[in-house]
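Okay, structure first, notes after.
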Amino acid sequence: MTVTDFPLLLDLADRRVLVVGGGVVAARRVRRLLEAGARVELVAPEVVAELSAQAGPQLSIATRTFIPADIDGAWLVCACTDDARTNEAVASAAEHARVFCIRSDHAPGGSARTPAVLRRGEVTVAITSGDDPQRSLALRDAIALAIDLGSLESRPVRAAKQGSVALVGGGPGHPELITVRGRRLVSEADVVVVDRLAPRELLTDLPDHVEIIDCGKSAHRHNLTQAQINEILIARAQAGKRVVRLKGGDPFVFGRGSEEMLACIAAGVAVSVVPGISSALAAPAAAEIPLTHRGVAADFAVVSGHLDPASGSKGFDWATLATGPATIVMLMAMEHLADISDALIRHGRSADTPAAAIHRATLAGQQTVRSTLGGLAPAVRAAGLTAPSVVIVGEVVDIFAPAD
């Protein structure tokens, strides 16, 4: 019969662990032991600065050579020197004292081994593959990626004791441009409250019991008011649900995420924010338009274009915008594009300034219309571009422009 290791997790909280060695390997091992709550006693003639800086109530350091008596009272021993003879002597003394020992240089030479470890919240995955540690690491990384991307089911089976709300930025549209953390939270959600411009492809693989609430808004259509959305987030979280508010772009860039966060805080609901890539940054990149370029543009401004200059928008300084930043990025500007262009020209921006509008950035059917500030509105109309589109004004528009 082949003898195999017996998998076991140790509770080392407030238990004495001896570490022999003072180099980078020992520092890495000490860091993990302290995270586990162990009381670490380290013995080494010399120690690296990282270890010296951590000395305190949970880590005592003796700058001398190891003696077998150091093992007395230890629950676990770690031999972490760069000298095989010393590590062998430590392991031998630990065996004599009937204390498990981990050898960093030669795992089979110790009586205990550390696996490749993956932690995600309350989940701990430990992997070992005999004498092939690189295989263990590869398996760990593959499992981590599967969990983070939501392709491996990892949602808690037991209902959460306390509900929560996560405001997740879904990115500019393409489902692969959401952050890894954002995608994982979507895969673990009990309720997803989704915007019109969020990457809805991420919802197709969710289990049937996940509640999906569509609160998509467009210029002239609102399924739900903002107050109603806030009420839904709070009510579902107070019912013990894990709620994801999935938005396009970034929750705090014209996404009203701050209003939702304030509502949750006022209601005593746990709330967190997962940043997303705003279309203000992604759309220009997708259209090969840099927002800054040495010698051309050293700054840029991102503004909301839903304000109508013709209505005398109060509190908006068109003069500063026209003459200030080298590059202007406008979101939600399609409805008032002609009036916005006129306002910028009237306040000092040249009508010949290169300008572009990008429709459905990062998605199939992406379209880019390039013109000038004075000619963009009619060019957009001629091309049939509608919202959602991102408008860019500045010399950077022509840096990678196709040759005529």
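Details
- When segment 317-339 is limited to residues that are over 21 Å from residue 398 (Cα atoms) and loosely packed, with under 15 Cβ neighbours inside 10 Å, the one that is modelled with the lowest pLDDT turns out to be 317.
- Residue within segment 246-263 that is in contact (Cβ under 8 Å) with a residue 60 or more places away in the chain, more than 13 Å from residue 189 (Cβ to Cβ) and touching a Pro at 6+ places or on another chain (Cβ under 6 Å) present: yes
- Residue check, residue 110 under 29 Å from residue 80 (Cα atoms), out of contact with any Leu (no Cβ under 6 Å at 6 or more places or on another chain) and not assigned by TED's automatic domain parsing to the domain that holds residue 29: no
- Against the list (1) surrounded by fewer than 19 Cβ atoms within 10 Å (Cβ to Cβ); (2) over 21 Å from residue 175 (Cα atoms), the condition residue 289 fails is (1).
- Any hit, segment 147-159, residues being farther than 18 Å from residue 264 by Cβ, modelled with pLDDT under 90 and in a helix (DSSP H, G or I): yes
- Residue 260 buried (at least 20 other Cβ atoms within 10 Å of the Cβ) and in a helix (DSSP H, G or I): yes
Every residue, every condition in (1) at pLDDT below 95; (2) touching a Ser or Thr at 6+ places or on another chain (Cβ under 9 Å), yes or no:
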position	(1), (2)
177	no, yes
183	yes, no
194	no, no
203	yes, no
216	yes, no
219	yes, no
232	no, no
251	no, yes
255	yes, yes
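- Qualifying residue in segment 370-381 (condition: modelled with pLDDT under 95 and either small (Gly, Ala, Ser) or in contact with a Ser or Thr (Cβ under 6 Å, 6 or more places away or on another chain) (or both)): no
- Among the numbered conditions (1) in a helix (DSSP H, G or I); (2) closer than 26 Å to residue 304 by Cα, the only one that residue 166 does not meet is (1).
- Within segment 317-404, helices (runs of 4 or more DSSP H) holding 3 or more residues that are within 16 Å of residue 300 (Cβ to Cβ) and not assigned by TED's automatic domain parsing to the domain that holds residue 199: 318-323
- Of all residues making up segment 118-145, the number that are loosely packed, with under 13 Cβ neighbours inside 10 Å and more than 22 Å from the chain's Cα centre (by Cα): 4
The values are calculated or read from the model by the stated rules, or taken from the named source; none is laboratory data. Keep in mind it's a predicted model, so treat the numbers as computed, not measured. Every residue, glycine among them, receives a Cβ derived from its backbone with ideal geometry; neighbour counts consider all protein chains shown.
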